[in-house]
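Read the structure below first, then the notes.
The values are calculated or read from the model by the stated rules, or taken from the named source; none is laboratory data. All values derive from a computational prediction rather than experimental measurement. Here Cβ is always computed from backbone atoms with ideal geometry, including for glycine, and neighbour counts include all displayed protein chains. Calculation scope for accessible area: heavy atoms of the full protein, side chains included, ligands and nucleic acids excluded. Shrake-Rupley method; radii C 1.70, N 1.55, O 1.52, S 1.80 Å.
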Amino acid sequence: MQVAILTVGNELLAGDIENTNATWLARRLTEGGATVARIQTVPDDHGVITETVADWAAAFDAVLVTGGLGGTPDDITMEAVAAGLDRAFVVNDEAEAQVEATIAAILERRPDIDFDLEPEWYASMPADAEVLRNEEGLAPGCRAGNVYVLPGIPTEMKPMFESIAERFAGDAQSRECYADAPEGAVARELGVVAERFGVGVGSYPNSGGPTRIKLSGGDPAVLDEAMAWFEANATVDLYESEAAVMAARERNAGSDAPEN
């Protein structure tokens, strides 16, 4: 399954808020076997969101959009998604009922709060959308076609995604190991692995730490064979985890210490 992630918000582009949603979603999708094909951040701009959603809905199996839900002037994501999918932007009765119940619960807990909220600010979405309940906040999410719209607040986005995570299951898998050496020390062997076994290869250096090696593909037997070949032919020490590398370094440092 090819999935694209679109994060929306001027605050993300300005660096006012760290874009942890994109990283978290990419990790969770990959863990479930999906392939993350695109990640992009766009401003709170109706035209940009509309155009991107229209293009991506046609190009990928699923599109995840986060951010810009709510009742403030910059919360235009839902309306732009509706335009991108060529759907009317309407008040969803189910979403409106959820919003009204949430507002009532807030006022029951905090009767001292004086605020005026219109449920339709939060309950409007593309016509015929499936409502995704927001258990931690006010604005529901939705699914319209293959486009999923989630809140931008991580504490709301994460549980909403988990409620639908099984929809993004795929057959992509990976195998990892760690080299206690710079990535250049394994470049030749990784090139052979990619050519001989047809798997994706990646090496991710960590300043002062080990290099993470990742092989990816859709056939677990081929991945196992490729990793076995790499481990047998690498000219540097390989380990199953970063912790194992650090433990080996400590042992080596202890053995090299001069005796009293």
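Accessible area per residue for the range 1-65, computed on protein heavy atoms with a 1.4 Å probe, is 46 Å². Between Gly202, Gly141, Gly71, which gets the highest mean-square fluctuation from a Gaussian network model of the chain, Cα cutoff 10 Å? Taking springs between Cα atoms under 10 Å, the residue moving most is Gly202. Over the chain, the alpha carbon radius of gyration divided by the compact-protein estimate 2.2 N^0.38 Å works out to 1.29.
At the residue level, Arg27 shows approximately 120 square angstrom of accessible surface with a 1.4 angstrom probe and all protein chains present.
Quick check: at a probe of 1.4 Å, how many percent of the accessible area of the chain sits on carbon and sulfur atoms?
That share works out to 47 percent.
For Glu11, the accessible area of its heavy atoms, probed at 1.4 Å with every protein chain present, is near 60 square angstrom. In terms of accessible area, using a 1.4 Å probe and ignoring ligands and nucleic acids, Thr7, Thr20, Thr102 rank largest first as Thr20, Thr102, Thr7.
Under Stokes-Einstein, with the Kirkwood radius over Cα pairs standing in for Rh, what whole-number D in µm²/s applies to the range 197-256 at 10 °C and 1.306 mPa s? Here the translational diffusion coefficient equals 122 µm²/s.
Relative contact order, whole percent, for the range 77-197 stands at 20, derived from Cα pairs under 8 Å and 6 or more residues apart. In a shell of Cβ-Cβ distance under 15 Å around Gly32, excluding Gly32 itself, what net charge do Lys and Arg (+1) and Asp and Glu (-1) give? Counting the neighbours of Gly32, the net charge comes to -1. Normalised by 2.2 N^0.38 Å, where N is the number of residues, the alpha-carbon radius of gyration of the range 1-124 equals 1.19. By the helix-only formula, in which each DSSP H run with n ≥ 4 contributes -39500 (n - 2.57) and the sum is divided by residues, the chain has a 222 nm mean residue ellipticity of -12500 deg cm²/dmol. Of the listed residues Ile5, Ile113, Ile76, the order by accessible area with a 1.4 Å probe, largest first, is Ile113, Ile76, Ile5.
Grab every C-alpha pair in the range 108-260, bin the distances at 10 angstrom width from 0 up to the longest one, and report whole percents. All Cα pairs, binned at 10 Å, distribute as 9, 24, 18, 18, 16, 11, 4, 1 percent. The angle between the Cα long axis of helix 220-233 and the longest principal axis of the Cα atoms of the chain comes to about 40 degrees, rounded to the nearest 10.
So which residue, out of Pro43, Pro140, Pro151, gets the largest mean-square fluctuation from a GNM of the chain using Cα contacts under 10 Å as springs? Result: Pro43 has the largest fluctuation of those listed.
With contacts taken as Cα pairs under 8 Å at a separation of at least 6 residues, the chain carries a relative contact order of 16 percent. Remark: the Cα gyration tensor places the range 91-189 in the prolate category, a/c being 1.5 or greater and a/b exceeding b/c. Structural descriptor for the range 1-102: relative contact order 32 percent, calculated from alpha carbon pairs under 8 angstrom and at least 6 residues apart.
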